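Asker: One structure, pasted below without further comment.
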Amino acid sequence: ANARAGKEAVLTFRLADAQSGNPISDLEPFLGAPGHMLLVNADLTEADHVHPEEPATRGPVVTFQPLMPAAGTYKLWFQFQRHGTVTTVPFVIAVTGP
């Protein structure tokens, strides 16, 4: 990710099935959205919950554009649902200064 403090980061995920490698195109709405992302900074003073830019996507591309408040390391969790099962995938990104 090319994330800078004070700007929206563009976080694009291309989803593929872990077993077959085929692109995922059957995301189901989960809590009213095709996905959710929670991100927090390392000292837990900043947190944000964001939804995809594509409000009705079924995959395989899902894009989030959270505003990154400050430089530092952030942990994020991306959640999506397929076949009635919610999957949560963690990531860590570095946000550079403005």
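The values are calculated or read from the model by the stated rules, or taken from the named source; none is laboratory data. Quick caveat, the model's predicted, so the values are computed rather than measured. Positions of Cβ are backbone-derived with ideal geometry, glycine not excepted, and every protein chain shown enters the neighbour counts. Side chains are part of the model used for accessible areas, which takes the heavy atoms of the whole protein and leaves out ligands, DNA and RNA. Shrake-Rupley method; radii C 1.70, N 1.55, O 1.52, S 1.80 Å.
Asker: Could you grab me the full set of residues in segment 66-78 that are within 11 Å of the chain's Cα centre (by Cα), open to solvent by less than 60 Å² (accessible area, probe 1.4 Å) and over 15 Å from R14 (Cα atoms)? Lay out the reasoning, then the answer.
Answerer: To start, the set of residues in segment 66-78 that are within 11 Å of the chain's Cα centre (by Cα) comprises 66, 75-78.
Applying the additional criterion that residues be open to solvent by less than 60 Å² (accessible area, probe 1.4 Å) yields 66, 76, 78.
Within segment 66-78, P66, L76 qualify.
Asker: How about segment 79-98: which of its residues are closer than 16 Å to F30 by Cα, surrounded by 12 or more Cβ atoms within 10 Å (Cβ to Cβ) and among the β-branched types (V, I, T)? So that I can check it myself, show each step before the final result.
Answerer: So the first thing to find is which residues in segment 79-98 are closer than 16 Å to F30 by Cα, and the list is 79-89.
The next check asks that each one be surrounded by 12 or more Cβ atoms within 10 Å (Cβ to Cβ); those that pass are 79-82, 86-87, 89.
Of everything in segment 79-98, those that are closer than 16 Å to F30 by Cα, surrounded by 12 or more Cβ atoms within 10 Å (Cβ to Cβ) and among the β-branched types (V, I, T) turn out to be V86, T87, V89.
Asker: Could you tell me which numbered condition A56 fails, if it satisfies all but one of (1) open to solvent by 60 Å² or more (accessible area, probe 1.4 Å); (2) of a type in the set (A, V, I, L, M); (3) under 26 Å from N22 (Cα atoms); (4) touching a Ser or Thr at 6+ places or on another chain (Cβ under 7 Å)?
Answerer: Result: A56 passes all but (4).
To keep it simple, each residue is scored yes or no on (1) in contact with an Asp or Glu (Cβ under 6 Å, 6 or more places away or on another chain); (2) more than 15 Å from A5 (Cα to Cα); (3) not acidic (D, E).
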residue	(1), (2), (3)
G32	no, yes, yes
H36	no, yes, yes
V40	no, no, yes
L44	no, yes, yes
D48	no, no, no
P52	no, yes, yes
T57	no, yes, yes
A70	no, no, yes
H83	no, yes, yes
